[in-house]
Structure formats: structure tokens, C-alpha cells
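Below: one structure, written as C-alpha cells.
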Amino acid sequence: MKLMLKWVRIGLEIIGAATLIFLLALGVSIIWQNSDKTNKAKPKDVLFILNGGEIATNQNLNVIASYESSRSFTGDHLDYYCIELSKFVVTDRAKNQWHDGPEQNPILAEALEQGANDAHQGNACFPSPEEANSGNMKIKFGDVDVFDRRPNSADITLFDPKNMKLYYVSYKD
């Protein structure tokens, strides 16, 4: 009986230690994921933007500014990037996905204004809403979710041919 109780005690200690280690790892993971990342993106970290816009990835690029906010339980976030490109070459399939600004659809224009405003307030590298929705930009909407005729999330990529800068903003309110 004493031997059996000793093994039960050891088993419970092991389970308790494993649970404590798991909870500590979970806590560290939550804290790490919920911290903002400012200007930490490297060129390889922004390839998803080029791939999403079907822009050539075999080029020199420079990440001028980046911001990735923490995520809430509902996915609310604001991410933006300012990237300098050496060339802007898109696939034939993607040419009809990019269009010259300004955006004429009022819902898409509102989504662009909201995203550009939030990103511009965070970093002057990102164009103002007026600049973002001007004839100087090429625009690609990746995804826009609308609730009650108002955009509540969007993924938008902009390209400024004059300055060879690519801008990306993703937000969810």
C-alpha cells in the first residue's frame, strides 16, 4: 500500500510539473503574440505582399517601415508596410486586378480611406488618405469585408510608380 501511494504521489507531482510548464509556455506565447512589432519586418517577411499582388519577387527591396499590431480574440488588428521596390512587374493574370486610382466605388473608397488613415497616423511613410486614393496610385483590393454597408476589415495594396514604393495595409475593427 505504501509503495502504491508513493507511485501515486510521484505521478501527481509529474502531472503538476507538466501542467505548470504548459501554463508558463502558454502565458509566454500569449504575451509574445499580443505585443506590437514595429519596424521588425525583413524583406523575406513581406514576400506575402508581393505574392498576393503577383509582383515579381526576384528583385531588391527595402522595408522602409512596418507595423504589426497585436491581435484581439476577435482578430482586430492593424498591420501596414512601406516597401521600396527596384521594379514593378506583375503577372499577366494580375494586370486586371490592379487599377489606377482614384477608387470610384464608395465602399471600397471608404475602406481605403480608413486603412490609409490608420496607417498614416502610425507612420508618415504611409500615404495620407488623399494621396492613397489619388491618380498617383495603383490600387489592389485583396479582401474587403462589409457589415451594414460599411467596411470593417480590408487588405489593400498600393503602388506609387513615381517613387517605386509599395504600401500594404490590413485592418479589422
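Table for the structure above
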read-out	value
Selection status of residue 140, out of contact with any Leu (no Cβ under 6 Å at 6 or more places or on another chain), assigned by TED's automatic domain parsing to the domain that holds residue 67, surrounded by 14 or more Cβ atoms within 10 Å (Cβ to Cβ) and modelled with pLDDT of 95 or more	yes
From the options 163, 152, 133, residue that is over 20 Å from residue 48 (Cβ atoms) and surrounded by 20 or more Cβ atoms within 10 Å (Cβ to Cβ)	133
Of the criteria (1) out of contact with any Gly (no Cβ under 9 Å at 6 or more places or on another chain); (2) of a type in the set (Gly, Ala, Ser); (3) surrounded by 13 or more Cβ atoms within 10 Å (Cβ to Cβ), which one residue 94 fails	(1)
Close pairs (7 angstrom Cβ cut-off, 6 or more residues apart or separate chains): assigned to a strand (DSSP E or B) in segment 36-60, surrounded by 14 or more Cβ atoms within 10 Å (Cβ to Cβ) and not aromatic (Phe, Trp, Tyr) anywhere	37/68; 55/90
Residue match in segment 130-137 (condition: part of a loop (DSSP other than H, G, I, E, B), over 18 Å from the mean Cα position of the chain (by Cα), closer than 16 Å to residue 83 by Cα and free of Cβ contacts under 8 Å to residues at least 60 places away in the same chain)	yes
Condition check for residue 68: at pLDDT 85 or above and over 14 Å from the mean Cα position of the chain (by Cα)	no
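The values are calculated or read from the model by the stated rules, or taken from the named source; none is laboratory data. A quick note: this is a predicted structure, and the numbers were derived from the prediction, not measured. All Cβ positions, glycine included, derive from the backbone under ideal geometry; neighbour counts span all protein chains shown.
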